[in-house]
Amino acid sequence: MVKQIDFSTLMASTVHDMKNVIAAVSQAYESLFAEMPEALQRSPQARLIEQEALRLDAMLMQLLGVYKLEHNQLRLQPEYYSIDELFEDLNNRHRELLDYRNIDLQIELDEPDLEGYFDVSLIGTVLDNALGNALNYCKKTIHLQAKRKDNGILLSINDDGAGYPENLLGAVRHSQASGISRDSGSTGLGLYFAASIIALHDQEHRPARLELSNGGELPGACMTIWVGLPSLF
């Protein structure tokens, strides 16, 4: 008799294998890219490969993250971290696509040495996915902002696209996000993952917050994340 395999465990193992395949393909593409004529390097086809590879990698990261969440394998490792450095990493990761599509990424911090207290790997993944979505839906501008608010840090990504569907607007908790299906046909995986990660950053009597809205510095979609700073008393 064939031993029955738990599907979620099989999926997690497969995701690891797929990430290795993507890494190998990406490495081969980078070597090939270096030998391409400049006109081909700047072609829509080359940029599409780069963009979709980033998107697929992000989706696999989210799937793996959801598996770890559901099996209590995801442990929060919060630390004080520079918001300027966090935003710089996001900018560098998406810089080639931003330049190719002539997208203006505006970065604003209300304090140059602003720090947050969070798991930088998890929050960075959420913001990376949000910035990737903004790149897909914006017209020409994305606004990335951080400021101190209510003894915490408020992060926002806002674009000048068409905005979120009406049914997505408002505060989102991970228990609500699991059933969401976007009008675009998306599975809602990214939002469920983001809401779950933000919920991990809850403090006693001070829950972290994720909210979707339309409008802000720009008229399109706006995702805001609030994560509290540790109380000294």
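The values are calculated or read from the model by the stated rules, or taken from the named source; none is laboratory data. This is a predicted model, so every value here is computed, not measured. When we count neighbours, we look across all protein chains shown, and the Cβ atoms used for this are built from the backbone with ideal geometry, even at glycine.
For this structure, a couple of remarks:
- Pairs, first in the same structural domain as Asn214 (by TED's automatic domain parsing) and surrounded by fewer than 16 Cβ atoms within 10 Å (Cβ to Cβ) in region 137-160, second assigned to a strand (DSSP E or B) and of a type in the set (Ser, Thr, Tyr), C-beta under 9 Å, six or more apart: Lys147/Ser156
Rundown of residues vs (1) free of Cβ contacts under 8 Å to residues at least 12 places away in the same chain; (2) more than 30 Å from Pro230 (Cβ to Cβ), yes/no style:
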| residue | (1), (2) |
| --- | --- |
| Met11 | no, yes |
| Val21 | yes, yes |
| Ala53 | no, yes |
| Leu63 | no, yes |
| Pro78 | no, no |
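- Close pairs from region 26-48: first not assigned by TED's automatic domain parsing to the domain that holds Arg95, partner hydrophobic (A, V, I, L, M, F, W, C) and in a helix (DSSP H, G or I), Cβ under 6 Å, at least 6 apart: Ser26/Ala53
- For Leu191, the stated conditions do not hold, so it cannot be described as within 23 Å of Gly65 (Cα to Cα), at pLDDT 95 or above, crowded, with 22+ Cβ neighbours inside 10 Å and of a type in the set (A, V, I, L, M).
- Subset of region 203-224 [part of a strand (DSSP E or B) and touching a Phe, Trp or Tyr at 6+ places or on another chain (Cβ under 9 Å)]: Arg209, Leu210, Glu211, Leu212, Ser213, Asn214, Ala221, Cys222, Met223
- Top-ranked residue in region 96-122 [being part of a helix (DSSP H, G or I) and under 15 Å from the mean Cα position of the chain (by Cα); ranked as farthest from Gln203 (Cα to Cα)]: Ser121
- Within region 53-61, not a single residue is over 26 Å from Leu127 (Cβ atoms) and basic (Lys, Arg).
- Test: Pro230 is surrounded by fewer than 21 Cβ atoms within 10 Å (Cβ to Cβ), outside any strand (DSSP E or B), at pLDDT 90 or above and not hydrophobic (A, V, I, L, M, F, W, C): no
- Region 96-136, subset surrounded by fewer than 20 Cβ atoms within 10 Å (Cβ to Cβ) and either among the aromatic types (Phe, Trp, Tyr) or not assigned by TED's automatic domain parsing to the domain that holds Ala162 (or both), residue farthest from Ala162 (Cα to Cα): Tyr117
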